[in-house]
Amino acid sequence: IFAASLDGIQQQFDYIRWPLTWNKVSQNLIRLKANTHNLIFRVEFTANLLNIFYYDLLEKWVQDNFSHNSGGDKTEINVHHCRGIFSPDSMPMSLRELVKNKYHHTHIMHKLVSNLPQPTPMTDWLYFAQTWDVRRDIGWKQAFPELSDIIIQNR
């Protein structure tokens with residue numbers, strides 16, 4: 001069994017899994033799939049306040065590029081709930097509604113967001129992200145543009 005921890009694709013992956021880059025990781029996964037015959041693949045997704053909205057992009061990438069091994073065994077995507085400063089628990093209600101409207105009520109992301117406790121303030125997270133962005137020369141607002149206004153308004 002080969003498990004890859006993928007918390008998004010493209011810019012979202014680059015931001016969350018910095019200093020790794022999506023281009024390099026995705027190329028390696030596709031090459032691994034093409035050159036192995038006895039591995040079962042798994043994707044581990046840690047749902048956080050930023051990446052839940054974009055989960056469908058990861059699902060589509062897995063379906064298009066990594067859906068099964070050479071023997072036909074399906075790739076599983078396991079979802080884990082992030083803890084700490086990136087916990088989905090701090091997602092503002094407006095962002096939760098956006099996620100629930102995007103995904104069908106039976107979808108794992110809809111269920112996850114529907115079962116969150118009351119949101120906690122995002123002040124600590126914003127301070128952390130701003131500090132992190134400067135040190136790494138990468139910005140969360142650019143990686144997650146659909147969420148930036150909602151998060152800023154609900155800090």
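Accessible area per residue for the chain is 56 Å², calculated with a 1.4 Å probe on protein heavy atoms, without ligands, DNA or RNA. The residues neighbouring VAL43, those whose beta-carbon lies less than 15 Å from its own, together hold a net charge of -2 under the Lys/Arg +1, Asp/Glu -1 convention. Between SER5 and HIS107, the distance separating the two model label sites (each 7 Å from Cα on the Cα→Cβ line) works out to 2.5 nm.
Ignoring ligands, DNA and RNA, please state the percent of accessible area on the chain from carbon and sulfur, probe 1.4 Å.
Details: 4400 of 8600 Å².
Carbon-and-sulfur percentage of accessible area, whole number: 51.
A cut-off of 5 Å between modelled amide H atoms, ignoring neighbours fewer than 5 places along the same chain, links PHE2 with ILE40, PHE41, ARG42. Of ILE85, LEU116, HIS104, whose Cα points farthest to the positive end of the dipole of the range 1-140 (charges on the beta-carbon: +1 Lys, Arg; -1 Asp, Glu; origin at the Cα centre)? Going by the charge dipole, the pick is HIS104.
What percent do you get for the relative contact order of the chain when only Cα pairs under 8 Å and 6+ apart count?
23
Note on LYS60/LYS141: beta-carbon distance plugged into 1/(1 + (r/R0)^6) with R0 of 25 Å gives a FRET efficiency of 0.60. The slack between SER114 and ASP73, meaning 0.36 nm per residue of separation minus the straight C-alpha distance, is 11.6 nm. Here the range 52-107 is assigned +1 on the Cβ of each Lys and Arg and -1 on the Cβ of each Asp and Glu. Its dipole about the Cα centre then comes out at about 180 debye.
The values are calculated or read from the model by the stated rules, or taken from the named source; none is laboratory data. In this text the structure is predicted, and so the values were computed from the model without any measurement. Cβ atoms come from the backbone with ideal geometry, glycine included; neighbour counts cover every protein chain shown. Remember, those area values only see protein heavy atoms, side chains included, never the ligands or the DNA or RNA. Shrake-Rupley method; radii C 1.70, N 1.55, O 1.52, S 1.80 Å.
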